[in-house]
Amino acid sequence: MQRAFTRRMNLTGARRQGGVVLLIALIVLVAMTLAGIGMMRSIDSGTLVAGNIGFREAAVASADTGVEAARTWLVNNYTALNTDNPAAGYYSTRQDSLDLTGNMTEGGHDGVNWGGSDPTQLVTAYTVGTVDTSGTTVYYLIHRLCSTTGAIGPPNTCAYATVSQSGSTQSSVDYNQYQLTSAVQAYYRITVRVNGAKNTVSYVQAIVLI
């Protein structure tokens, strides 16, 4: 009788040990599963971030098209830059209160209508168009860095540079009778917006002297 009782006790202890091992194994399995899921999510997040960075860099690269288009327009219309030309996205004043990215004012008159994004705005950007096969669209806005419209000079305060021009003293008696001429050139701020793939939006600015 004593042996049989001892044997039953040993069997009961073995069953209890087996149950504890199974419970520990299940806990470890759950922990490994959660770790695997976390790693997969981390990899997916890293891939998503890398993709977003790639889209942003592509959009910034496409902005060069807008800057060059705006500069070309300024050169071709050099004699008509004292007044606004909204159809061409050109404004002869700084418009200091303008919210170029639309982050400061919602639904007011401080933003820009970028290609029909908000027709209620008073300032309209020029649409360059689609520049690549992915559907990237480029817009630009040009501001002459002056306080008012009109020619450069008082009372119109502008950011400008005086540039010396070429001349010749070949037909002059002496050098004092023929001085080199100079010209005043204004600074222009070009703001480019790029609407790229996956709803990517990038802004790039450039200052040019024309």
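The values are calculated or read from the model by the stated rules, or taken from the named source; none is laboratory data. Nothing here was measured: the structure is a model prediction, and the numbers come from that model. Cβ coordinates were reconstructed from backbone atoms using ideal geometry, including for glycine residues, and neighbour counts include every protein chain displayed.
If you go through the range 137-163 and pick out every residue that is modelled with pLDDT of 90 or more and either among the hydroxyl-bearing types (S, T, Y) or in contact with a Pro (Cβ under 6 Å, 6 or more places away or on another chain) (or both), you end up with 8. Residues in the range 169-202 that are in a loop (DSSP other than H, G, I, E, B) and either modelled with pLDDT of 85 or more or polar (S, T, N, Q) (or both): 7 in all. All of D96, D118 fail the test of being in a loop (DSSP other than H, G, I, E, B), modelled with pLDDT under 85 and over 17 Å from A63 (Cα atoms), apart from D118.
Looking at S166, is it farther than 27 Å from G115 by Cα and modelled with pLDDT under 90? Steps first, answer last, please.
Numbers: farther than 27 Å from G115 by Cα: yes; modelled with pLDDT under 90: yes.
It is true that S166 is farther than 27 Å from G115 by Cα and modelled with pLDDT under 90.
Residue check: G129 meets all listed conditions (1) at pLDDT 90 or above; (2) surrounded by 14 or more Cβ atoms within 10 Å (Cβ to Cβ) but one, namely (2).
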